[in-house]
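This report refers to the structure that appears directly beneath it.
The values are calculated or read from the model by the stated rules, or taken from the named source; none is laboratory data. Just so you know, these numbers come straight off a predicted model, no measurement behind them. Cβ placement follows ideal geometry from the backbone for every residue including glycine, while neighbour counts extend to all protein chains displayed. Side chains are part of the model used for accessible areas, which takes the heavy atoms of the whole protein and leaves out ligands, DNA and RNA. Shrake-Rupley method; radii C 1.70, N 1.55, O 1.52, S 1.80 Å.
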There are 2 protein chains.
Amino acid sequence: MRIPLDRQNSLPLYQQIETYLRQGILSGSLAPETRLPACRQLARDLGVNRITVENAYSGLEADGLVFSRVGSGTYVLPPNPLPPVQKSSPEADWPLWQQSLQAHNIVAKSGLADEMLKAAGHAHPISFASGISDSRQFPADDFRKVLQAVMRRDGIDALDYGERAGYRPLREGIAHILASQGLQVPAENILITAGSQPAISLVAQVLLKPEDVILVESPTYNIAVDLFNRLGFIVVGIPMDGQGMQVEKLEKLLQQHHPKLIYTIPNFHNPTGTCLTGARRRQLIILADRYNVPILEDDFVGDLRYEGRAQPALKSLDPGGQVIYVSTFSKMLMPGIRVGFLAADGPVYDSLLGFKRLSDLATSTLIQRALEAYVTVGRYQAYLRRSILLFRKRRDAMVSAIDRYLPAGTAYDPPQGGLFLWLRLPEAMSADELLPLACEEGVSFAPGSHFFAGGSSGREWMRLNFVSQPAEEIEVGIKRLGKAIRRMSVRQ
Amino acid sequence: MRIPLDRQNSLPLYQQIETYLRQGILSGSLAPETRLPACRQLARDLGVNRITVENAYSGLEADGLVFSRVGSGTYVLPPNPLPPVQKSSPEADWPLWQQSLQAHNIVAKSGLADEMLKAAGHAHPISFASGISDSRQFPADDFRKVLQAVMRRDGIDALDYGERAGYRPLREGIAHILASQGLQVPAENILITAGSQPAISLVAQVLLKPEDVILVESPTYNIAVDLFNRLGFIVVGIPMDGQGMQVEKLEKLLQQHHPKLIYTIPNFHNPTGTCLTGARRRQLIILADRYNVPILEDDFVGDLRYEGRAQPALKSLDPGGQVIYVSTFSKMLMPGIRVGFLAADGPVYDSLLGFKRLSDLATSTLIQRALEAYVTVGRYQAYLRRSILLFRKRRDAMVSAIDRYLPAGTAYDPPQGGLFLWLRLPEAMSADELLPLACEEGVSFAPGSHFFAGGSSGREWMRLNFVSQPAEEIEVGIKRLGKAIRRMSVRQ
């Protein structure tokens with residue numbers, strides 16, 4: 001085993017060894033049950049004292065990452081799925097029903113990359129792993145004034161339950177915005193939710209029961225897939241290419257799996273950044289109609305277009321009640337605002353409204369009222385225009401940095417909008433294995449494998465968020481990434 | 001009677017039965033005065049549990065499609081016109097998957113009484129039907145200033161996702177409040193939710209799957225039961241008396257039904273206003289522990305006590321991880337604030353946190369920060385003390401008005417706290433039948449039948465909210481109620 005050691009580094013050698021192995025274990029590149037080299041052997045390989053290696057191993061063992069069998073060696077344990085459990089008594093004391101829960105608590109993959117970056121301890125870390133836009137751009141002071149004005153204007157009403165479907169003037173404002181994007185939906189068909197995740201959850205729960213099949217693009221938004229899995233659905237992937245979902249492969253999947261829902265992100269797809277072509281959109285609608293399958297259209301950043309022509313929303317091509325459209329102000333504006341919405345026609349609207357009420361009774365009206373005021377006076381639109389100019393520059397900065405700093409063999413399609421650039425590493429290189437090295441260099445990304453519903457696909461891909469950092473940081477971050485890739489190439 | 005049942009369908013069996021009968025009644029194929037088969041008989045014919053049939057019948061009864069005569073059976077009523085469905089095109093045009101949804105959209109019972117009151121067109125209507133406290137008391141201006149100060153202080157951070165479990169200082173504030181009520185829970189075991197309904201929904205979804213049995217007090221909070229039904233659980237009632245749940249009847253139910261959860265409201269129960277005695281609390285904990293069943297303790301207004309001594313929370317008697325405690329600021333403070341919380345120990349805490357994140361990603365931090373500031377400066381406590389003084393006067397006003405204006409034969413136990421007074425009408429009088437007369441007189445209430453999970457119990461009961469109106473209005477409202485009762489007596 002080759003571990004890069006830096007004898008000029010202030011970090012003691014045993015800690016360098018320990019950190020390297022820890023990252024390997026946490027990223028999965030050192031698989032569970034892997035036998036680590038014997039201390040004596042590794043010490044010889046690295047030219048260090050045997051005690052140095054023993055210290056490194058015992059640090060890992062203390063944290064439950066490896067275990068040693070006397071006379072047999074040291075083995076990697078499965079990464080601990082749980083954050084340290086806060087409890088006052090040992091595990092065996094929990095009631096039986098609790099012990100059975102413990103077994104299937106899911107490990108969330110999102111956030112892992114940034115935890116690893118933080119753990120690597122770089123003085124000035126740069127993350128491209130985020131799933132949201134740059135919240136530091138948001139004019140919080142403007143919003144504070146709007147909020148203040150709304151509370152003065154509405155008094156106690158601003159803090160009441162309000163209408164079940166959401167604050168009506170905001171629904172009208174949303175209808176207006178959608179109409180300006182070519183999607184005609186009356187305010188009565190809009191339902192406000194606390195972000196787009198609750199909207200996706202609502203639709204999934206109204207339309208599917210455990211063991212039902214849901215079709216999703218492969219790759220796709222990982223937290224949606226985690227949710228579908230947790231709800232007990234069978235998630236089946238539809239292959240993608242540079243033009244989005246490969247709709248020509250859909251019919252066979254529809255015949256084979258009888259899915260209850262197709263979940264799709266047609267604009268600036270997460271994680272690939274692609275847009276579904278117009279012809280494929282029409283074909284998708286026809287197939288959904290023919291096979292009687294509803295479509296959940298997740299348009300989370302459709303309005304963040306930097307160039308090129310927008311394709312019509314699937315919902316606008318909908319012959320009648322086939323498509324449920326979901327979008328959000330959270331990704332674009334401020335995550336903490338927690339306002340999303342869906343648009344649906346027909347009986348399903350009442351089902352969604354009824355289920356939402358049972359799930360959460362109501363969504364806070366105060367923020368809805370403030371958002372409505374913010375949208376109505378045109379500040380949202382101005383903020384959107386400003387964001388588009390800024391994010392386009394950042395995308396250009398990333399594209400230019402990639403061309404300058406990443407080695408030949410990396411590949412990507414420059415995205416025309418949205419938040420993400422989907423990058424392929426040179427042949428046979430694994431993003432999961434690269435991540436610990438990148439974190440050491442002070443940069444993180446979201447490994448592609450996180451976004452594939454099943455199997456071990458996507459290992460050579462990574463998702464880079466190009467809007468969450470200023471252009472100068474992007475340049476530095478991509479340069480570091482290039483260094484990590486070259487270090488890895490040398491090792492291979 | 002043959003009813004086609006599809007056990008692969010996402011629709012629970014009781015809803016399939018209910019839908020089939022509903023369509024028969026609405027289409028006229030089941031004529032008025034038709035006697036439906038006895039529950040036991042139909043259950044045997046269809047090979048389902050008797051409770052399944054009872055749930056189906058009670059759904060029909062709640063919607064006024066059938067009525068049951070004790071000892072005689074269940075009969076079809078003449079069909080009632082349904083509320084107009086919003087849609088732009090005739091039913092047959094919706095996709096097939098939508099048409100199947102249409103059949104089982106549940107009609108929410110809560111709110112019906114006030115709709116009826118509004119429809120009756122009285123010049124000055126008075127409602128005792130509300131499920132929440134008097135939001136007009138809330139010092140919105142104070143809260144606006146706190147919110148303003150928090151946004152100035154925290155800037156952009158106030159609008160970010162924040163910690164997954166909720167804003168930490170607020171969790172610490174809640175831990176402090178709970179400790180002052182004798183419940184020791186560290187902030188790490190508290191999870192903030194958008195009100196108590198999402199907390200109940202979260203717990204139910206983490207612990208149960210469709211067809212699992214949940215035990216609830218009978219009667220109980222109707223929106224929780226609607227949720228449990230919608231999630232496909234089998235809801236079984238535990239009888240109550242003036243001291244709360246009849247715990248001595250619990251063991252048999254535990255043996256018979258193997259429930260996955262016991263849902264209880266031990267303090268100022270909704271709808272009955274009763275408090276569970278100390279001895280029964282201890283017995284309940286022992287049984288839950290012995291039968292390995294978790295308890296969901298809904299303490300929605302435990303701190304609104306006007307007199308008498310508080311019993312310890314079930315959670316404070318918990319030997320270790322058996323009880324999940326849920327409470328809220330929404331009922332007490334302001335519905336629109338949408339902040340509730342739960343407290344749980346052990347692996348279930350991580351399961352709840354994980355599922356919450358998948359369901360809604362995060363809860364708005366702005367309101368959490370404002371609430372934290374409001375609680376910390378002691379304003380919440382002052383508001384609580386003021387509310388207790390005011391609500392006690394209103395309770396006294398209602399008790400006194402009932403004694404003066406309602407005819408002999410009505411009965412109630414004066415509640416020591418909370419929001420509700422549970423009133424029994426004179427022998428054989430139905431609150432459901434009284435409601436239209438009461439609305440004509442300009443007063444509404446929540447009929448008792450809305451709160452019983454199955455069967456046709458509670459027809460002679462009603463729930464009166466005594467905190468939502470000033471004392472003078474209470475007097476007028478009860479006087480009108482007395483008039484309606486006398487009109488009904490004459491008719492019988």
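Among the GluC sites (Glu not before Pro) in the stretch B:425-484, those placed in a DSSP loop whose Cβ has at most 13 other Cβ atoms within 10 Å are B:E427. Placing a label point 7 Å from Cα along the Cα-to-Cβ direction at A:G409 gives distances to the equivalent points in the other copies of 9.2 nm, listed shortest first.
In sequence order, the stretch A:95-100 has phi-based couplings of x, 3, 4, 6, 4, 6 Hz under the Karplus curve 6.51 cos²θ - 1.76 cosθ + 1.60, θ = phi - 60°, and Gly or Pro positions carry x. Across all directions, the average projected area of the convex hull around the alpha carbons of the stretch B:120-188 is 8.5 nm². Amide H contacts of B:I238 (H built 1.01 Å from N, in plane; Pro and chain starts excluded): B:V216, B:E217, B:S218 sit under 5 Å, all sequence-distant by 5 or more or on other chains. Take each residue of peptide A:148-161, count the partner chain Cβ atoms within 10 Å of its Cβ, and average: the result is 5. The Kirkwood hydrodynamic radius of chain B, based on inverse pair distances between different Cα atoms, is 24.0 Å. The same position A:G71 in the other copies lies at 8.2 nm from this copy, comparing label points 7 Å beyond Cα toward the beta-carbon, shortest first. Against the empirical 2.2 N^0.38 Å (N residues), the stretch B:349-399 has a Cα radius of gyration ratio of 1.80. By the rule of a C-alpha distance below 15 Å, with chain neighbours fewer than 8 residues away ignored, the aspartates and glutamates paired with A:K483 are A:D403, A:E433, A:E440, A:E441, A:E475.
Residues whose amide H comes within less than 5 Å of that of B:V66, counting only those at least five positions distant or on another chain, are B:E61, B:L77 (H built at 1.01 Å from N in the peptide plane).
Per-residue 3J(HN,Hα) values for the stretch A:437-449, derived from phi via the Karplus relation 6.51 cos²θ - 1.76 cosθ + 1.60 with θ = phi - 60°, read 5, 4, 4, 4, 6, x, 9, 10, 8, 9, x, x, 4 Hz in sequence order (x marks Gly and Pro).
Counting, for every residue in B:315-328, the Cβ atoms of other protein chains within 10 Å of its Cβ and taking the mean gives 2. Note on A:H122 and A:A179: the extension gain reaches 15.8 nm, defined as 0.36 nm multiplied by sequence separation minus the Cα-Cα distance.
Solvent-accessible area of the protein assembly as shown (1.4 angstrom probe, protein heavy atoms only): carbon and sulfur portion equals 52 percent.
Expressed as a fraction of 2.2 N^0.38 Å, the value expected for a compact globular protein of N residues, the C-alpha radius of gyration of the stretch B:342-492 is 1.40. Sorted from nearest, the other copies put their B:R136 label points 4.9 nm away, the label point being 7 Å from Cα in the direction of Cβ.
Need one word for the stretch B:1-66: rounded, prolate or oblate. Basis is the Cα gyration tensor (sqrt eigenvalues a ≥ b ≥ c); a/c below 1.5 gives rounded, then a/b vs b/c decides. Note, shape of the stretch B:1-66 comes out prolate.
For the stretch A:102-165 versus the stretch A:454-486, the inter-centroid distance based on Cα atoms is 23 Å. Looking at the protein assembly as shown alone, DSSP beta bridges between its own residues are antiparallel in about 55 percent of cases. Its relative contact order, with pairs defined as Cα atoms under 8 Å and 6+ residues apart, puts chain B at 19 percent. Amide hydrogen proximity for B:E211: with H placed 1.01 Å from N in the peptide plane, the residues at 5 or more positions away or on another chain lying under 5 Å are B:F233, B:I234. In the protein assembly as shown, helices alone account for a calculated mean residue ellipticity at 222 nm of -13500 deg cm²/dmol, with every DSSP H run of four or more residues adding -39,500 (n - 2.57). Panel note: the C-alpha atoms of the stretch B:260-404, placed on their principal axes, show extents of 51, 41, 23 Å (largest first). Averaged over the residues of peptide B:291-301, the number of Cβ atoms from other protein chains lying within 10 Å of each residue's Cβ is 1.
Remark: the protein assembly as shown is approximated by an ellipsoid whose semi-axes, taken from the C-alpha gyration tensor as √(5λ), come to 51, 32, 29 Å, largest first.
In terms of overall dimensions, the C-alpha atoms belonging to the stretch A:150-287 reach 56, 34, 25 Å along their principal axes, ordered largest to smallest. Here chain B is assigned +1 on the Cβ of each Lys and Arg and -1 on the Cβ of each Asp and Glu. Its dipole about the Cα centre then comes out at about 560 debye.
When chains A and B come together, the accessible area they lose, probed at 1.4 Å and totalled over both chains, is close to 6800 Å².
Each of A:L21, B:L170, B:F300 was placed along the dipole of the protein assembly as shown (beta-carbon charges, centred on the mean Cα), and the one lying farthest toward the positive end is B:L170.
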